[in-house]
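Below you'll find the structure, written out as structure tokens, and then a few comments.
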Amino acid sequence: LTEDEDVQRMLRGSLLRKIKSRGVPRERLFRLQEDGATVCFEGRFRGARSPQSFSVLHIEGVREGHQSEGLRKYGATFPERHCFTIVLKGKLKNLDLAARGEEDARHWVQGLTKLMGRLQAMSQPEKLDQYPFWIHGVLQRADRNKDNKMSFREVKSMLRMINIDMDDGYAYRLFKECDHSGNERLEGRELEEFCRRLLRRPELEELFGHYSGEDLVLSAEELQDFLRDQGEDASLRQARAIIRTYELNEKARQQDLMMLDGFMMYLLSAAGDILNQEHTKVHQDMSQPLCHYFISSSHNTYLTRNQIGGTSSTEAYVRALMSGCRCVELDCWEGSDGEPIVYHGHTLTSKILFRDVIESIRDYAFKQSPYPVILSLENHCGLEQQATMAHHMRAILGDMLLAQPLEGQDPHSLPSPEQLKGKVLVKGKKLPEPWQKPQGMTSLLEPEEEEEEEEEEEEEKFQERSRRQVRGSLCGVKGPQHAMALTPRWFLQAKDASQVAPELSAVVVYCQAVPFPGLAHALRHPQPWQMSSFSERKARKLIKEAG
């Protein structure tokens, strides 16, 4: 790939602006290192300039244009074709970047995509060949004064570069144990020892010693014993094949012997994974009714941090969907300018537009899995904004939105995930159909059970305070002005948010939220399209009483 035009441009480096919510974005030099797997740039750590880097292995995806919440909010002044987002795995923040020109942005998007594909296709030995170059590059960048020695401060910088989040006390203890010269600097063999200690797995060393004996070399026969003890029906031929694939020492490999490093490489590879590799893709029967499956679900999906004052973000929906989640939650509240918003009500969490959330779901719902996505609506909006919600879902999701029962589907059973591939289902409350026996408004006026413990606990506190008030009244303490303050929060919110707009009711098809009627009633009158949510406390109570 070094001959590739895109990769060559990345090796030379480009001036890119890092778009953030605060401050004027300044240009920084982003450059691909010679290892072909590390990108370096100058950043800031605790206010001071600090060289930073990330590995291409840590990239989950690259998006062109204003395809992130950060660029949509703060990158509007930069042409869309100059912008791109590097989405990093796990808890690492996205990098929203703007190049000087369209050509530069295209080189980086295409180049990173090629490198990601190449690294994912590399075998374990090929990756190992790259590690010395990668580690050498990291050490060079961390060595600020270029004296080929590493102070503890420089070692901490190195750990940050390779995304190792380690307790300072533990890191310093390792540092001191390797500092044989006692000069508070690591060099040569000391530094190599420090890096090896970072990679130590004492539990694997103990396991290896148990099977290899005193010589600490595993023969093919001893490896076969280990495999059989793991419940594998392994032959001597299979044991030899494993040694030839994973042993790093050429002489040992030629003699069908395995050293500790080779043993660790095998156990940490996909072949040593406890998960059957056939099960990394869908292998189950997906033609059963939807209610026959456990569904990977997310609670308060919009939050990126804590649920009291954390940040709400459409990126949280993207991450949930890209990790395979098939049910996401939207807490919908009245917003200004007639636009519903999503946030954790009655808290200091930030707010995002319902419309933006639906757009993100449209773009990412089926990138990781083709099976249906359920939008669990916790609805606190009035009738007018409920109608707006329904309009946004129909307009943005289009044919992806399931707004009618599947043609030919048995009304007494739910369709299967296979039948619902590529469809978005809405879970919410529904008005009685004209042909149904009217149920009145009672079921729609009851509080959402899925507001979980907080509502139950609030009600219990209300009842306890009410009992105290009665006891106080009997003692001659009166005061009707206290009654309103003791009313549960959900009762005060009744307004028209307790009703359901016909437009929103119409898009609820197979996931109708209803208050739980009790086990006896549910078993006598099964309604497969109805569903109820429980707090953990309520679920435990049901298990105890009628498990």
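The values are calculated or read from the model by the stated rules, or taken from the named source; none is laboratory data. Bear in mind the structure is a predicted one, so any value in this text is a computation, not a measurement. A quick note on method: Cβ atoms are made from the backbone with ideal geometry, for glycine too, and the neighbour counts reach across all protein chains shown. With ligands, DNA and RNA removed, areas are computed over all heavy atoms of the protein, side chains included. Shrake-Rupley method; radii C 1.70, N 1.55, O 1.52, S 1.80 Å.
Below, the figures for the structure above:
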| read-out | value |
| --- | --- |
| Selection count, the range 90-143, where residues are crowded, with 16+ Cβ neighbours inside 10 Å and outside any helix (DSSP H, G or I) | 7 |
| Residue match in the range 277-286 (condition: exposed (fewer than 13 other Cβ atoms within 10 Å of the Cβ) and in contact with a helix residue (DSSP H, G or I) (Cβ under 7 Å, 6 or more places away or on another chain)) | yes |
| Residue list for the range 384-418, restricted to those being touching a residue at least 40 places away in the same chain (Cβ under 8 Å), in a loop (DSSP other than H, G, I, E, B) and out of contact with any strand residue (DSSP E or B) (no Cβ under 6 Å at 6 or more places or on another chain) | A403, Q404, P405, H412, S413, L414, P415, S416, P417, E418 |
| Per-region count, the range 496-531, residues among the polar types (S, T, N, Q), farther than 20 Å from P411 by Cβ and open to solvent by less than 70 Å² (accessible area, probe 1.4 Å) | 1 |
| Filter result for D285 (among the acidic types (D, E) and not assigned by the TED database to the domain that holds G213) | yes |
| Test: residue in the range 369-383 that is open to solvent by 20 Å² or more (accessible area, probe 1.4 Å), within 15 Å of L504 (Cα to Cα) and in contact with a helix residue (DSSP H, G or I) (Cβ under 7 Å, 6 or more places away or on another chain) | yes |
| Qualifying positions in the range 242-272 - in contact with a Leu (Cβ under 9 Å, 6 or more places away or on another chain) and without any contact (Cβ under 8 Å) to a residue 12 or more places away in the chain | K251, L268 |
| Residue check for E42: assigned to a loop (DSSP other than H, G, I, E, B), touching a Leu at 6+ places or on another chain (Cβ under 8 Å) and of a type in the set (D, E) | no |
| Qualifying positions in the range 491-531 - modelled with pLDDT of 90 or more, assigned to a helix (DSSP H, G or I) and closer than 27 Å to Q404 by Cβ | P502, E503, L504, S505, A506 |
| Verdict on R81 being of a type in the set (K, R) and modelled with pLDDT of 90 or more | yes |
| Among residues of the range 1-52, those that are exposed (fewer than 12 other Cβ atoms within 10 Å of the Cβ), under 29 Å from the mean Cα position of the chain (by Cα) and modelled with pLDDT of 90 or more, counted | 0 |
| Test result for H346, surrounded by fewer than 18 Cβ atoms within 10 Å (Cβ to Cβ) and either touching a residue at least 24 places away in the same chain (Cβ under 8 Å) or not assigned by the TED database to the domain that holds K421 (or both) | yes |
